[in-house]
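Quick notes on the structure that follows.
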Amino acid sequence: MVCLETSSDEPLTPAGRLFLQPETDVVIHCIIRGKNPADMDAIKSAIKSSLMVQHPRFCSLLVRDKNGFEHWRKTPIDIDQHVIVVNNRLDKSGNFIDETQGSTTTEEDDEAAVNQYVADLSVSSPLSTDKPLWELHVLPAHKCAIFRIHHSLGDGISLMSMLMANCRRTDDAEALPKMVPDKKTVIKGEKGRDWFWLVGVLWWFLKIVVFTLLFSVEFVLRSLLVSDEKTAITGGDGVELWPRKLATAKFLLDDMKLVKRAVPDTTINDVLLGMVSSGFSRYLDHRTPNALHEGLRITGVAMVNIRPQPGLQDLSKLMKSNTKARWGNKFGVILIPVYYHKGGNDPLEYLKRAKATVDKKKHSLEAYFSYKIGDLVMSLLGPKVAL
(Lines give C-alpha, C1' and ligand atoms only; values in the text may rest on other atoms or scores of the structure.)
Protein backbone atom coordinates (compact mmCIF):
# COMPACT_ATOMS: atom_id res chain seq x y z
CA MET A 1 0.00 0.00 0.00
CA VAL A 2 1.56 3.30 -1.15
CA CYS A 3 0.54 6.39 0.85
CA LEU A 4 1.80 9.81 1.77
CA GLU A 5 3.81 9.74 4.98
CA THR A 6 2.24 11.27 8.09
CA SER A 7 3.92 12.48 11.29
CA SER A 8 2.49 9.55 13.29
CA ASP A 9 3.99 6.88 11.01
CA GLU A 10 6.76 4.77 12.52
CA PRO A 11 9.55 3.51 10.22
CA LEU A 12 10.33 -0.18 10.17
CA THR A 13 13.53 -1.49 11.67
CA PRO A 14 16.19 -2.80 9.24
CA ALA A 15 15.34 -6.38 10.23
CA GLY A 16 11.63 -5.74 9.69
CA ARG A 17 12.31 -4.38 6.21
CA LEU A 18 14.41 -7.43 5.37
CA PHE A 19 11.49 -9.78 6.12
CA LEU A 20 9.27 -7.88 3.67
CA GLN A 21 11.45 -8.51 0.63
CA PRO A 22 10.11 -11.04 -1.91
CA GLU A 23 13.10 -13.35 -1.36
CA THR A 24 12.67 -13.38 2.44
CA ASP A 25 8.93 -12.80 2.85
CA VAL A 26 8.40 -14.87 6.01
CA VAL A 27 5.07 -15.64 7.71
CA ILE A 28 5.16 -17.48 11.05
CA HIS A 29 2.53 -20.22 11.46
CA CYS A 30 1.64 -21.37 14.97
CA ILE A 31 -0.76 -24.32 15.38
CA ILE A 32 -2.77 -24.48 18.61
CA ARG A 33 -4.69 -27.68 19.42
CA GLY A 34 -7.56 -27.88 21.90
CA LYS A 35 -9.66 -30.54 23.63
CA ASN A 36 -13.05 -28.87 23.16
CA PRO A 37 -14.86 -27.40 20.12
CA ALA A 38 -14.15 -23.73 19.44
CA ASP A 39 -16.57 -21.10 20.77
CA MET A 40 -16.22 -18.36 18.14
CA ASP A 41 -17.95 -15.65 20.18
CA ALA A 42 -15.64 -16.34 23.12
CA ILE A 43 -12.57 -16.35 20.86
CA LYS A 44 -13.42 -13.00 19.28
CA SER A 45 -14.24 -11.49 22.64
CA ALA A 46 -10.93 -12.68 24.07
CA ILE A 47 -9.00 -11.22 21.13
CA LYS A 48 -10.76 -7.85 21.43
CA SER A 49 -9.76 -7.57 25.10
CA SER A 50 -6.29 -9.06 24.70
CA LEU A 51 -2.92 -7.37 24.97
CA MET A 52 -2.22 -8.40 21.40
CA VAL A 53 -4.58 -5.92 19.73
CA GLN A 54 -3.32 -3.19 22.07
CA HIS A 55 0.21 -3.64 20.79
CA PRO A 56 1.14 -1.06 18.09
CA ARG A 57 2.44 -3.71 15.67
CA PHE A 58 -0.83 -5.66 15.70
CA CYS A 59 -3.00 -2.62 14.99
CA SER A 60 -0.89 -0.93 12.32
CA LEU A 61 -0.97 -1.08 8.55
CA LEU A 62 2.15 -1.53 6.48
CA VAL A 63 2.45 1.50 4.18
CA ARG A 64 5.16 2.70 1.82
CA ASP A 65 5.99 6.34 1.17
CA LYS A 66 6.73 7.82 -2.25
CA ASN A 67 10.38 6.76 -1.93
CA GLY A 68 9.44 3.14 -1.23
CA PHE A 69 10.37 3.14 2.48
CA GLU A 70 8.12 1.08 4.75
CA HIS A 71 6.27 2.52 7.76
CA TRP A 72 3.74 1.37 10.36
CA ARG A 73 0.49 3.39 10.50
CA LYS A 74 -2.06 2.95 13.30
CA THR A 75 -5.52 1.82 12.18
CA PRO A 76 -8.73 0.57 13.86
CA ILE A 77 -8.96 -3.23 14.15
CA ASP A 78 -11.85 -5.16 12.59
CA ILE A 79 -11.67 -8.57 14.27
CA ASP A 80 -13.87 -10.17 11.60
CA GLN A 81 -11.21 -9.38 8.99
CA HIS A 82 -8.58 -11.25 10.97
CA VAL A 83 -10.50 -14.27 12.29
CA ILE A 84 -11.16 -16.76 9.47
CA VAL A 85 -13.37 -19.75 10.22
CA VAL A 86 -13.17 -22.97 8.18
CA ASN A 87 -16.18 -25.01 9.28
CA ASN A 88 -15.72 -27.94 6.90
CA ARG A 89 -13.59 -30.93 7.83
CA LEU A 90 -10.49 -31.46 5.70
CA ASP A 91 -8.91 -34.67 4.46
CA LYS A 92 -5.18 -35.51 4.32
CA SER A 93 -4.86 -33.70 0.99
CA GLY A 94 -6.39 -30.49 2.34
CA ASN A 95 -9.67 -30.96 0.45
CA PHE A 96 -13.09 -30.51 2.03
CA ILE A 97 -14.88 -33.68 3.13
CA ASP A 98 -18.56 -34.18 2.35
CA GLU A 99 -19.75 -35.03 5.87
CA THR A 100 -23.21 -36.01 4.63
CA GLN A 101 -21.68 -39.25 3.33
CA GLY A 102 -20.38 -40.12 6.79
CA SER A 103 -16.73 -40.80 7.55
CA THR A 104 -14.55 -41.59 10.53
CA THR A 105 -11.24 -39.85 11.17
CA THR A 106 -8.43 -40.51 13.62
CA GLU A 107 -6.16 -38.09 15.46
CA GLU A 108 -3.46 -38.85 12.89
CA ASP A 109 -5.88 -37.94 10.08
CA ASP A 110 -6.68 -34.65 11.81
CA GLU A 111 -2.99 -33.85 12.21
CA ALA A 112 -2.23 -34.64 8.56
CA ALA A 113 -5.17 -32.51 7.39
CA VAL A 114 -4.10 -29.50 9.47
CA ASN A 115 -0.48 -29.89 8.33
CA GLN A 116 -1.56 -29.87 4.70
CA TYR A 117 -3.77 -26.81 5.29
CA VAL A 118 -0.81 -24.91 6.75
CA ALA A 119 1.48 -26.07 3.93
CA ASP A 120 -1.00 -24.74 1.36
CA LEU A 121 -1.33 -21.45 3.24
CA SER A 122 2.42 -20.94 3.29
CA VAL A 123 2.60 -20.97 -0.52
CA SER A 124 -0.72 -19.73 -1.86
CA SER A 125 -2.03 -17.18 0.67
CA PRO A 126 0.21 -14.21 1.48
CA LEU A 127 -1.00 -11.82 4.17
CA SER A 128 -2.89 -8.84 2.78
CA THR A 129 -1.41 -5.37 3.39
CA ASP A 130 -4.96 -3.94 3.52
CA LYS A 131 -5.04 -4.90 7.21
CA PRO A 132 -2.47 -5.47 9.98
CA LEU A 133 -0.25 -8.41 9.12
CA TRP A 134 -1.78 -11.18 11.21
CA GLU A 135 -4.66 -13.68 10.99
CA LEU A 136 -6.24 -16.40 13.10
CA HIS A 137 -7.62 -19.37 11.16
CA VAL A 138 -10.02 -21.47 13.23
CA LEU A 139 -10.82 -25.05 12.19
CA PRO A 140 -13.65 -26.11 14.57
CA ALA A 141 -14.01 -29.57 13.03
CA HIS A 142 -10.37 -30.27 13.88
CA LYS A 143 -10.42 -28.44 17.26
CA CYS A 144 -7.46 -26.28 16.34
CA ALA A 145 -6.50 -22.74 15.40
CA ILE A 146 -3.62 -21.39 13.34
CA PHE A 147 -1.98 -18.05 14.03
CA ARG A 148 -0.42 -16.42 10.97
CA ILE A 149 1.89 -13.56 11.92
CA HIS A 150 4.32 -11.80 9.62
CA HIS A 151 7.92 -11.98 10.80
CA SER A 152 8.31 -8.20 10.38
CA LEU A 153 6.07 -7.81 13.47
CA GLY A 154 8.59 -9.54 15.72
CA ASP A 155 10.77 -12.58 16.28
CA GLY A 156 9.88 -15.87 17.93
CA ILE A 157 10.78 -14.68 21.43
CA SER A 158 8.57 -11.58 21.11
CA LEU A 159 5.62 -13.46 19.65
CA MET A 160 5.78 -16.42 22.06
CA SER A 161 6.02 -14.00 24.99
CA MET A 162 2.94 -12.21 23.64
CA LEU A 163 1.06 -15.49 23.25
CA MET A 164 1.97 -16.67 26.74
CA ALA A 165 0.89 -13.33 28.23
CA ASN A 166 -2.58 -13.90 26.75
CA CYS A 167 -2.89 -17.43 28.17
CA ARG A 168 -3.94 -18.58 31.64
CA ARG A 169 -3.17 -21.66 33.68
CA THR A 170 -5.68 -24.53 33.80
CA ASP A 171 -5.44 -24.75 37.60
CA ASP A 172 -5.89 -20.99 38.08
CA ALA A 173 -7.89 -19.05 35.47
CA GLU A 174 -6.45 -15.73 36.66
CA ALA A 175 -2.77 -16.72 36.76
CA LEU A 176 -0.27 -16.36 33.93
CA PRO A 177 1.65 -19.45 32.79
CA LYS A 178 4.95 -19.96 34.56
CA MET A 179 7.81 -18.33 32.71
CA VAL A 180 11.41 -19.52 32.77
CA PRO A 181 13.00 -17.96 35.89
CA ASP A 182 15.82 -15.50 35.56
CA LYS A 183 19.22 -17.07 35.85
CA LYS A 184 21.33 -15.15 38.33
CA THR A 185 25.05 -15.52 38.52
CA VAL A 186 26.24 -16.69 41.92
CA ILE A 187 29.57 -15.21 42.93
CA LYS A 188 31.57 -17.61 45.01
CA GLY A 189 33.68 -16.63 47.99
CA GLU A 190 37.27 -15.49 47.86
CA LYS A 191 38.55 -19.04 48.23
CA GLY A 192 37.96 -19.69 44.56
CA ARG A 193 39.74 -16.53 43.46
CA ASP A 194 43.25 -17.92 43.20
CA TRP A 195 45.68 -18.34 40.33
CA PHE A 196 43.73 -21.26 38.91
CA TRP A 197 40.61 -19.08 38.79
CA LEU A 198 42.55 -16.31 37.02
CA VAL A 199 43.99 -18.75 34.47
CA GLY A 200 40.51 -20.11 33.84
CA VAL A 201 39.13 -16.60 33.18
CA LEU A 202 41.99 -15.76 30.81
CA TRP A 203 41.53 -19.06 28.95
CA TRP A 204 37.77 -18.41 28.68
CA PHE A 205 38.42 -14.89 27.32
CA LEU A 206 41.02 -16.17 24.84
CA LYS A 207 38.58 -18.77 23.49
CA ILE A 208 35.91 -16.09 22.97
CA VAL A 209 38.35 -13.91 21.02
CA VAL A 210 39.68 -16.75 18.85
CA PHE A 211 36.31 -18.37 18.08
CA THR A 212 34.65 -15.00 17.43
CA LEU A 213 37.34 -14.05 14.89
CA LEU A 214 37.26 -17.48 13.29
CA PHE A 215 33.47 -17.73 12.95
CA SER A 216 33.03 -14.08 11.95
CA VAL A 217 35.49 -14.48 9.05
CA GLU A 218 33.76 -17.71 8.06
CA PHE A 219 30.37 -15.95 8.19
CA VAL A 220 31.56 -13.23 5.80
CA LEU A 221 33.21 -15.69 3.41
CA ARG A 222 30.17 -17.98 3.26
CA SER A 223 27.87 -14.99 2.79
CA LEU A 224 29.87 -13.63 -0.15
CA LEU A 225 32.11 -16.26 -1.74
CA VAL A 226 31.88 -19.85 -0.49
CA SER A 227 28.90 -22.15 -1.01
CA ASP A 228 28.12 -25.80 -0.26
CA GLU A 229 28.28 -28.54 -2.86
CA LYS A 230 24.93 -29.41 -4.42
CA THR A 231 23.19 -32.48 -3.01
CA ALA A 232 19.75 -34.09 -3.13
CA ILE A 233 18.51 -31.63 -0.48
CA THR A 234 19.75 -28.49 -2.27
CA GLY A 235 16.99 -26.20 -3.50
CA GLY A 236 16.93 -24.65 -6.96
CA ASP A 237 15.72 -21.41 -8.53
CA GLY A 238 12.22 -20.52 -7.36
CA VAL A 239 12.36 -22.99 -4.46
CA GLU A 240 10.20 -20.63 -2.39
CA LEU A 241 7.31 -21.31 -4.81
CA TRP A 242 7.60 -25.10 -4.91
CA PRO A 243 4.68 -27.12 -3.45
CA ARG A 244 5.23 -27.89 0.22
CA LYS A 245 4.34 -30.66 2.58
CA LEU A 246 4.37 -30.19 6.34
CA ALA A 247 5.33 -33.28 8.32
CA THR A 248 5.20 -33.73 12.08
CA ALA A 249 7.80 -35.72 13.99
CA LYS A 250 7.25 -36.51 17.66
CA PHE A 251 10.06 -37.25 20.10
CA LEU A 252 9.61 -38.16 23.73
CA LEU A 253 11.51 -35.83 26.03
CA ASP A 254 12.38 -38.77 28.29
CA ASP A 255 14.01 -40.54 25.34
CA MET A 256 16.04 -37.44 24.50
CA LYS A 257 17.14 -37.14 28.12
CA LEU A 258 18.25 -40.77 28.03
CA VAL A 259 20.42 -40.05 24.97
CA LYS A 260 21.66 -36.86 26.63
CA ARG A 261 22.93 -38.81 29.64
CA ALA A 262 24.97 -41.09 27.37
CA VAL A 263 27.44 -38.26 26.64
CA PRO A 264 28.49 -36.07 29.59
CA ASP A 265 27.58 -32.38 29.67
CA THR A 266 25.36 -32.48 26.58
CA THR A 267 22.14 -30.51 26.18
CA ILE A 268 18.82 -31.19 24.46
CA ASN A 269 19.94 -28.87 21.64
CA ASP A 270 23.04 -31.02 21.17
CA VAL A 271 20.81 -34.10 20.91
CA LEU A 272 18.59 -32.40 18.33
CA LEU A 273 21.58 -31.38 16.20
CA GLY A 274 22.97 -34.89 16.42
CA MET A 275 19.62 -36.28 15.26
CA VAL A 276 19.56 -33.88 12.31
CA SER A 277 23.13 -34.83 11.34
CA SER A 278 22.37 -38.53 11.52
CA GLY A 279 19.10 -38.08 9.62
CA PHE A 280 20.75 -36.13 6.79
CA SER A 281 23.49 -38.73 6.39
CA ARG A 282 21.01 -41.59 6.26
CA TYR A 283 18.75 -39.73 3.82
CA LEU A 284 21.61 -38.85 1.48
CA ASP A 285 22.86 -42.45 1.64
CA HIS A 286 19.40 -43.55 0.53
CA ARG A 287 18.93 -40.94 -2.21
CA THR A 288 22.45 -40.86 -3.65
CA PRO A 289 24.42 -43.94 -2.52
CA ASN A 290 28.18 -43.78 -3.21
CA ALA A 291 27.81 -40.33 -4.80
CA LEU A 292 29.10 -38.15 -1.95
CA HIS A 293 32.50 -38.00 -0.33
CA GLU A 294 33.04 -38.58 3.38
CA GLY A 295 32.82 -35.44 5.49
CA LEU A 296 30.80 -33.40 2.97
CA ARG A 297 29.63 -30.22 4.68
CA ILE A 298 26.04 -28.98 4.70
CA THR A 299 25.72 -25.54 6.28
CA GLY A 300 22.64 -24.74 8.32
CA VAL A 301 21.59 -21.50 9.97
CA ALA A 302 20.36 -21.16 13.56
CA MET A 303 18.66 -18.08 15.03
CA VAL A 304 19.94 -16.91 18.42
CA ASN A 305 18.14 -14.55 20.79
CA ILE A 306 20.65 -11.83 21.73
CA ARG A 307 18.61 -10.14 24.45
CA PRO A 308 20.32 -10.06 27.86
CA GLN A 309 17.78 -12.49 29.34
CA PRO A 310 17.53 -15.87 27.62
CA GLY A 311 14.21 -17.53 26.81
CA LEU A 312 10.74 -16.00 27.05
CA GLN A 313 10.59 -12.35 28.09
CA ASP A 314 8.43 -10.30 30.42
CA LEU A 315 5.92 -8.65 28.06
CA SER A 316 5.89 -5.41 30.07
CA LYS A 317 9.64 -5.07 29.44
CA LEU A 318 9.25 -5.85 25.74
CA MET A 319 6.71 -3.04 25.40
CA LYS A 320 9.12 -0.42 26.77
CA SER A 321 11.31 1.33 24.21
CA ASN A 322 14.11 2.17 26.66
CA THR A 323 14.85 -1.40 27.72
CA LYS A 324 17.36 -3.86 26.28
CA ALA A 325 14.67 -6.57 26.21
CA ARG A 326 12.75 -4.71 23.56
CA TRP A 327 10.09 -5.93 21.13
CA GLY A 328 11.02 -6.73 17.57
CA ASN A 329 13.48 -8.89 15.67
CA LYS A 330 16.35 -9.00 18.14
CA PHE A 331 18.29 -12.05 17.02
CA GLY A 332 21.52 -12.97 15.30
CA VAL A 333 22.36 -15.99 13.20
CA ILE A 334 25.10 -18.57 13.51
CA LEU A 335 26.26 -21.04 10.91
CA ILE A 336 25.84 -24.67 11.98
CA PRO A 337 27.85 -27.16 9.89
CA VAL A 338 26.42 -30.66 9.45
CA TYR A 339 28.73 -33.29 8.01
CA TYR A 340 27.85 -36.31 5.89
CA HIS A 341 29.25 -39.62 7.12
CA LYS A 342 28.61 -42.77 5.15
CA GLY A 343 27.07 -45.70 6.96
CA GLY A 344 27.32 -44.23 10.43
CA ASN A 345 26.39 -47.13 12.71
CA ASP A 346 27.02 -45.34 16.02
CA PRO A 347 24.46 -42.52 16.53
CA LEU A 348 26.38 -41.26 19.56
CA GLU A 349 29.24 -40.22 17.28
CA TYR A 350 26.88 -37.70 15.68
CA LEU A 351 25.97 -36.44 19.15
CA LYS A 352 29.63 -36.02 20.14
CA ARG A 353 30.39 -34.07 16.96
CA ALA A 354 27.29 -31.91 17.47
CA LYS A 355 28.32 -31.14 21.06
CA ALA A 356 31.84 -30.16 19.96
CA THR A 357 30.40 -27.79 17.33
CA VAL A 358 27.85 -26.17 19.63
CA ASP A 359 30.39 -25.74 22.44
CA LYS A 360 32.64 -23.73 20.13
CA LYS A 361 29.71 -21.60 18.97
CA LYS A 362 28.75 -20.87 22.59
CA HIS A 363 32.25 -19.44 23.14
CA SER A 364 31.90 -16.94 20.29
CA LEU A 365 30.05 -13.70 19.62
CA GLU A 366 29.10 -14.75 16.08
CA ALA A 367 25.40 -14.07 16.68
CA TYR A 368 26.07 -10.49 17.82
CA PHE A 369 28.46 -9.95 14.90
CA SER A 370 25.90 -11.17 12.33
CA TYR A 371 23.18 -8.98 13.87
CA LYS A 372 25.35 -5.85 13.76
CA ILE A 373 26.58 -6.55 10.23
CA GLY A 374 23.04 -7.17 8.96
CA ASP A 375 21.73 -4.07 10.67
CA LEU A 376 24.56 -1.94 9.25
CA VAL A 377 24.19 -3.24 5.69
CA MET A 378 20.40 -2.82 5.76
CA SER A 379 20.67 0.73 7.16
CA LEU A 380 23.38 1.95 4.76
CA LEU A 381 22.85 -0.04 1.56
CA GLY A 382 19.25 -1.30 1.71
CA PRO A 383 17.65 -4.76 1.43
CA LYS A 384 18.65 -5.47 -2.17
CA VAL A 385 22.34 -5.38 -1.26
CA ALA A 386 21.76 -7.24 2.02
CA LEU A 387 20.18 -10.13 0.12
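The values are calculated or read from the model by the stated rules, or taken from the named source; none is laboratory data. Because the structure is a prediction, the values reported are computed rather than measured. Glycine gets a Cβ as well: all are built from the backbone with ideal geometry, and neighbour counts include every protein chain shown. These area figures cover heavy atoms from the full protein model, side chains too; ligands, DNA and RNA do not enter into them. Shrake-Rupley method; radii C 1.70, N 1.55, O 1.52, S 1.80 Å.
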(Q) Compute, for the range 10-153, the length of the dipole vector about the Cα centre, with Cβ point charges of +1 (Lys, Arg) and -1 (Asp, Glu) only. Units Debye, rounded to 20. (A) 680
Q) Expressed in nm to one decimal, what extension gain is obtained for the pair Phe251 and Leu206 from 0.36 nm per residue of sequence separation less their Cα-Cα distance? A) 12.4 nm
(Q) For a 27 Å ceiling on Cα separation, which of these pairs sit above it: Lys330/Lys361; Lys330/Lys384; Lys250/Lys360; Lys92/Lys250? (A) Lys250/Lys360
Q: Please work out the average accessible area per residue across the range 10-153, using the 1.4 Å probe convention, and give it in Å².
A: 51
Q: Note down the magnitude of the dipole of the chain about its Cα centre, charges +1 on Lys and Arg C-beta and -1 on Asp and Glu C-beta and zero elsewhere, to the nearest 20 debye.
A: 1480
Q: Kindly work out what percent of the DSSP beta bridges joining two residues of the chain are antiparallel, to the nearest 5.
A: 90
Q. Which of Val123, Gly16, Ile373 sits farthest toward the positive end of the charge dipole of the chain, with +1 on the Cβ of Lys and Arg and -1 on the Cβ of Asp and Glu?
A. Ile373
Q: Based on the mean of other Cβ atoms within 10 Å per residue, sort peptides 17-28, 195-206, 273-284 so the most packed one is first.
A: 273-284, 17-28, 195-206
Q | For q = 0.12, 0.18, 0.24 Å⁻¹, Debye-computed log10 I/I(0) when each Cα of the range 212-293 counts as one equal scatterer | A | -0.63, -1.14, -1.12
Q) Which one of Gly274, Cys59, Pro289 is farthest out on the positive end of the charge dipole of the chain, using unit charges on Cβ (Lys, Arg +1; Asp, Glu -1) and the Cα centre as origin? A) Gly274
Q: Determine the percent antiparallel among the DSSP beta bridges restricted to the range 10-153, to the nearest 5.
A: 90
Q | Charge-dipole axis of the chain as Lys and Arg at +1 and Asp and Glu at -1 on Cβ define it, positive-most pick from Pro383, Val220, Cys30 | A | Val220
(Q) If I take all pairs of Cα atoms in the range 10-153, what percentage of them are more than 26 Å from each other? (A) 33
Q) Between the DSSP loop rule and a limit of at most 14 other Cβ atoms within 10 Å, which trypsin sites (Lys or Arg not before Pro) in the range 122-174 are left? A) Arg168, Arg169
Q) Distance from the Cα centre of the range 13-62 to that of the range 249-304, in angstrom? A) 32
**Q.** Kyte-Doolittle mean at least 0.5 and Cα axial length at least 18 Å: DSSP H helices in the chain
**A.** 195-224, 366-381
(Q) Can you sort Met160, Met40, Met256 by solvent-accessible area, 1.4 Å probe, largest first? (A) Met160, Met40, Met256
Q | Estimated vicinal HN-Hα couplings, Hz - the range 9-20 in sequence order (Karplus 6.51, -1.76, 1.60; Gly, Pro = x) | A | 5, 10, x, 6, 6, x, 5, x, 5, 4, 6, 9
Q. By what distance, in whole Å, do the Cα atoms of the chain stretch along each of the three principal axes, largest value first?
A. 69, 55, 49
Q: Report, in deg cm²/dmol and to the nearest 500, the calculated mean residue ellipticity at 222 nm for the chain, where each DSSP H run with n ≥ 4 adds -39500 (n - 2.57) and the sum is divided by the residue count.
A: -12000 deg cm²/dmol
Q. Once fully extended, how much extra length lies between Leu258 and Glu294, figured as 0.36 nm per residue of separation less the alpha-carbon to alpha-carbon distance?
A. 10.1 nm
Q.
Give me the percent of accessible area attributable to carbon and sulfur for the chain, probe 1.4 angstrom.
A. 59
